[in-house]
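Notes follow the structure.
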Amino acid sequence: MTRLFGVFLVLGSMSCAAMSSDARERAPRPLFTVGCQILDLKYRRDGDEQALTVAVWYPTAEQPKSHNYGEPTSGNVAVGAAPSVAGGPYPLLVFSHG
């Protein structure tokens with residue numbers, strides 16, 4: 001029984017690895033490239049100047065380059081690129097940690 005379980009475990013792992021590499025090869029091409037800018041929004045609170053740092057991602061016509069957002073996350077993005085107005089409308093997504 002243990003041997004049979006081991007065989008299924010090995011075969012299952014191999015099939016998952018094969019599906020994973022096949023999925024990467026057939027991944028769809030993006031509809032548009034993505035630009036990114038980091039902004040410091042200044043505001044006053046109780047008489048003191050504060051800054052809220054935000055990252056804004058948007059469609060762009062410029063070519064992306066590999067970018068490391070911080071280990072272990074990386075991706076392809078055009079940092080500081082001009083936003084694209086052609087080809088819209090584009091979806092709006094807002095992420096907030098709370």
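Name the residues in region 46-71 that are farther than 24 Å from LEU31 by Cα and in a strand (DSSP E or B), would you?
ASP48, GLU49, GLN50, ALA51, LEU52, THR53, VAL54, GLY70, listed by residue number.
Which count do you get for residues in region 46-82 that are within 13 Å of VAL34 (Cα to Cα) and out of contact with any Phe, Trp or Tyr (no Cβ under 6 Å at 6 or more places or on another chain)?
So the count comes out to 20.
So, in region 60-71, of the ones that are within 24 Å of LEU92 (Cβ to Cβ) and under 13 Å from the mean Cα position of the chain (by Cα), which residue ends up surrounded by the most Cβ atoms within 10 Å (Cβ to Cβ)?
PRO64
Residues in region 72-92: is at least one part of a strand (DSSP E or B), without any contact (Cβ under 8 Å) to a residue 60 or more places away in the chain, loosely packed, with under 10 Cβ neighbours inside 10 Å and not basic (Lys, Arg)?
yes
Every residue in region 23-67 that is among the basic types (Lys, Arg) and modelled with pLDDT of 90 or more, please.
Residues satisfying the conditions are LYS42, ARG44, ARG45, LYS65.
The values are calculated or read from the model by the stated rules, or taken from the named source; none is laboratory data. Since the structure is predicted, the reported quantities are computational estimates derived from the model, not experimental observations. Cβ coordinates were reconstructed from backbone atoms using ideal geometry, including for glycine residues, and neighbour counts include every protein chain displayed.
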